[in-house]
Structure formats: C-alpha cells, structure tokens
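Below: one structure, written as structure tokens.
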C-alpha cells in the first residue's frame, strides 16, 4: 500500500480529499460545458448518475492507494487531480480547474505539488495527456517540467476524434 500524504499545501492551495460539503462545486465542474470540451466527463442521464460519480471521487480521494485530490482555494473546491492509470513505477494523471479559476496558475501549482508527492512515494515517471487543441493544458504540463514524448493517440470523445499527445517527467 502506498503511504501518500492525505493533504498537500502550496502557497495558495490545499489539496485534500473531496468532502460531502463540496458537492455543489463538484457538480458545477461536472456540468461545465467548457470543462467537458477537454476533460472526459460523461453526460449524465440522471442526478443519480452524477451523485454516483461524485461519491466515487469522495471515496477514491480518501483512499491510501489512489491519487485523487480536491483542489481547494480557501475552503472552496475549484478543481481536482486524479490518477488515470498506474503501474509500479509510473502514473498518468489528469486534472481540471473550474473555468472561473483558470489562467491564475492554480493548475500548475497543484500539479507540481502532486508530482513532488508522487516522486516522494516512489513513482519514477509522471505522465499526462492533452487534446492538441488544449493549449492551456499543454502549458500547465510544460510549466510543471513535463517534456513531450513520441507518439499520439486518437481518442473519440463526444462524437469527435481528438488527437491526444502525452508528456512526462522522470524522477532524478
């Protein structure tokens, strides 16, 4: 079992498990058309489906074996980071910041803190992917020290094919 820190602090943010009190903010992220353009969130056919995904984030973010953090500015959830896949030495992460809080460096600040934690617990490589039309996500990765790796993948999302590129950073 990985012994991760449950809470990470940066200059402006607290990364911690997502709590029940953050339901409205999380639903705002789930429902954001801007977020849905680049972060693969399903269309919900009912509030029960949305609640089920929220509860999954709550559970995973408090699990020692998972890397899922809510990104909090003061006491307000403004985004999250989550593991996409992992093996013994590498992990792929995803992240989202609610649109009203974009372009303030929060994603980079949060991602850097998580990268540091991932290296601390023993991962050797941290990877992330972005749709090529998502320049903001690419910049977050670059500012966080990730470098482009060869290859790209075509992912079908919301009826459109998106080219996805990957970047990574390796522990020293």
(request) Please give, to one decimal in nm, the separation of the simple spin-label points placed at residue 48 and residue 153, each 7 Å out from Cα toward the Cβ. (result) 3.2 nm
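If you average the sequence gap of Cα pairs under 8 Å that are 6 or more apart and divide by the length of the chain, what percent do you get for the contact order? Don't jump to the answer; show the numbers that get you there.
Numbers: 273 pairs, mean separation 33.9, N = 172.
That works out to 20 percent.
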(message) Helix-only mean residue ellipticity at 222 nm, the chain, DSSP H runs n ≥ 4 weighted -39,500 (n - 2.57), per residue, nearest 500. What is it?
(response) -9500 deg cm²/dmol
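Please rank 92, 48, fewest neighbouring Cβ atoms within 10 Å first, as an exposure proxy.
Numbers: 92 17, 48 8.
Taking fewest neighbouring Cβ atoms as first place, the list is 48, 92.
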(message) With bins 10 Å wide starting at 0, give me the P(r) of the stretch 1-125 over every alpha carbon pair, in whole percents.
(response) 13, 47, 33, 7, 0
(request) Calculate the length of the line joining the C-alpha centroid of the stretch 31-86 to that of the stretch 147-169, in whole Å. (result) 21 Å
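Read the figures in this text as sums done on the coordinates, not as results from a lab. If you're wondering where the values come from, they're calculated on a predicted model, not measured in any experiment. Neighbour counts run over all protein chains shown; Cβ positions are idealised from the backbone, glycine included.
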